[in-house]
Amino acid sequence: MQSLLLRNGLVIDTEPTPTAHHNCDVLLEDGRIAAVGPNLATPPGTTVLDATDRIVLPGLVDTHRHVWQAVLRSIAVDVDLPVYFTMVRQQIGPRFRPADVRAANLLGALECLDGGVTTVQDFAYARADRITPDGYVAGESDFDYAEAAFDGLRSAGIRAVFGHLLTPEDTAAVRRTQAMFDAGNPRLTLAAASLGPSNQQVDAIRADWRLAEELGLPIVTHVASGPVHDRPIEVLRDNGLLHSKILYVHGNSLADDELAMIGDSGGAVSITPAVEARLGHGGPLIGRLAAAGVTTGLGVDVVTTVGGDMFGVLRAGLLTSYLTPGPHLTPADLLRMATLDGAVALGLGDQVGSLKVGKQGDLILLRADDLNLACAHDPIGAVVSSAHAGNVDTVLVAGEVVKRNGRLVGHDLSEVRARGAETAEYVTREAVAAAG
Ligand SMILES: [Zn+2]
């Protein structure tokens, strides 16, 4: 048995609510959490990591990110949503070849780990030119793209839920993708990404839902009031399609009674407060979801427009809760969303998101002696109000050290950057050429 002890940290557990424990140890055995407490005994052969001056907490969970856009960083910082769609999704997105998705996903997943995100929901690369109100039109290369995305995530070593866009009239790609995930790596699981009730006619929604059920996959989908259905959650309810294994993304323009329907159904919502504020989705739902009792996770969404640092999203969530309807949230509320609630939203609540004994050893250590965290009176408040990705000293996924002493382990980052730069150059050049 492999044992690893984190000795004498400032440990923040998040279950049932975020609580800080000074001078506390965490013992991992065979990649899982075996004990949390002061002065734990050290079994023979245990590797000991000194966690003095470190804040130890569960790895962050990003419940919504288009990881393939890592190579399009900051290309759409100063535009609104329609321009983002035209430029990123319609002009540049279709220029990606599978190898480009692989390079981008490796870069993007390593960026996540570097910043303390140990679990990410990667919303599938999809050809924007194949999206129609009657569903996503299958293409011969769909499996190749999924395989490339899978390769990038697996190479990085992150835990991920990959959303494969459903093509119900041609299920071959998603079935091959599912077989690949089933045979692959226990850190990588599959979800059914759907254009969903806001963007499709009822028959297309029904076909997606039926396929997801047949494959035993949870559903993840963007929602808003419109463009196809102004009351998309009501459409699901009225058609018997509302259930607990659905993660809705954004939802800013949904009515309160539709949020209550989500809450009653046991579904969850992923909000991306920084992107939503910048791209004009509307005020993040944060307080309204809390009032409706809906499980809420946080996400970066797109680094075309905002930073990939989840600590920035924690702050955006906290700040926007003061500017939007509903109760003002606390730093502890936000930290729980970025850990345990995000894990629950992804269907991984029994695996990650807190330090409960038996859960996966997905942990991060922040340097509490960095100047921006030193002399902190309230550790949870400091993590949410002050921490940034640069404070992340050590990261473990399933007990494996993937970052140590501020450096990612086992990757040639200059090679990763070079492949990313080649991809960025290729897809943007092709997009310009195609636009004539
Ligand atoms: Zn999205």
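A short reminder: the numbers here are calculations on the coordinates, not readings from a lab. All figures in this text were calculated on a predicted structure; none of them were measured in a lab. With ideal geometry, Cβ positions are generated from the backbone for all residues, glycine too; neighbour counts draw on all protein chains shown.
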Discussion item. Let's test this: bin the Cα-Cα distances of the stretch 129-279 at 10 Å from zero up to the farthest pair and state each bin's percent.
Written reply: 11, 40, 35, 14, 0
Worksheet, complete the sentence: Rounded to one decimal in nm, the spacing of the 7 Å Cα→Cβ label points at T330 and V137 is 5.3 nm
Worksheet item: Per residue, what volume in Å³ does the convex hull of the Cα atoms of the stretch 312-431 enclose?
Response: 184 Å³
Discussion item. With only alpha-carbon pairs counted, each pair once and no self-pairs, how large is the Kirkwood hydrodynamic radius of the stretch 237-317 in angstroms?
Written reply: 13.0 Å
Fill in: Local net charge near A389, Cβ-Cβ under 9 Å (Lys/Arg +1, Asp/Glu -1)
-3
Worksheet item: So what are the three principal axis dimensions of the stretch 273-382 from its Cα atoms, in whole Å, longest to shortest?
Response: 38, 36, 30
Item to complete: Could you work out the equivalent-ellipsoid semi-axes for the stretch 329-393, taking the square root of 5 times each eigenvalue of the Cα gyration tensor, largest first, in whole Å?
Response: 24, 14, 9
Worksheet item: What angle, in degrees between 0 and 90 and rounded to the nearest 10, separates the Cα long axis of helix 98-114 from the longest principal axis of the Cα atoms of the chain?
Response: 30 degrees
Item to complete: Measure nothing but the geometry: give the 0 to 90° angle between the long axis through the Cα atoms of 172-183 and the longest principal axis through the Cα atoms of the chain, rounded to 10°.
Response: 10 degrees
Worksheet, complete the sentence: The size of the Cβ-based charge dipole (Lys, Arg +1; Asp, Glu -1) of the chain about the Cα centre, to the nearest 20 debye, is 480 debye
Worksheet item: What do you get when you divide the Cα radius of gyration of the stretch 24-103 by 2.2 N^0.38 Å, with N the number of residues?
Response: 1.88
Worksheet entry | 0 to 90° range, to nearest 10: angle between helix 310-320 axis and the chain longest Cα axis | 70 degrees
Worksheet item: Taking the C-alpha atoms of the chain, how large are the radius of gyration and the largest Cα-Cα span, Dmax, in Å?
Response: 20.8, 68
Item to complete: Give the residue from F85, L40, I55 lying farthest towards the positive end of the charge dipole for the stretch 6-103; charges sit on Cβ (+1 for Lys and Arg, -1 for Asp and Glu) and the dipole is referred to the Cα centre.
Response: F85
Fill in: Rounded FRET efficiency, nearest 0.05, which uses the C-beta distance separating D256 from A374 and R0 of 51 Å
0.75
Worksheet item: So what's the back-of-envelope 222 nm ellipticity for the chain, counting only DSSP H runs of four-plus at -39500 (n - 2.57) apiece and dividing by all residues, rounded to 500?
Response: -10000 deg cm²/dmol
Worksheet item: So how far apart, in nm, are the two label points at R175 and D230 if each is 7 Å from Cα heading toward Cβ?
Response: 4.1 nm
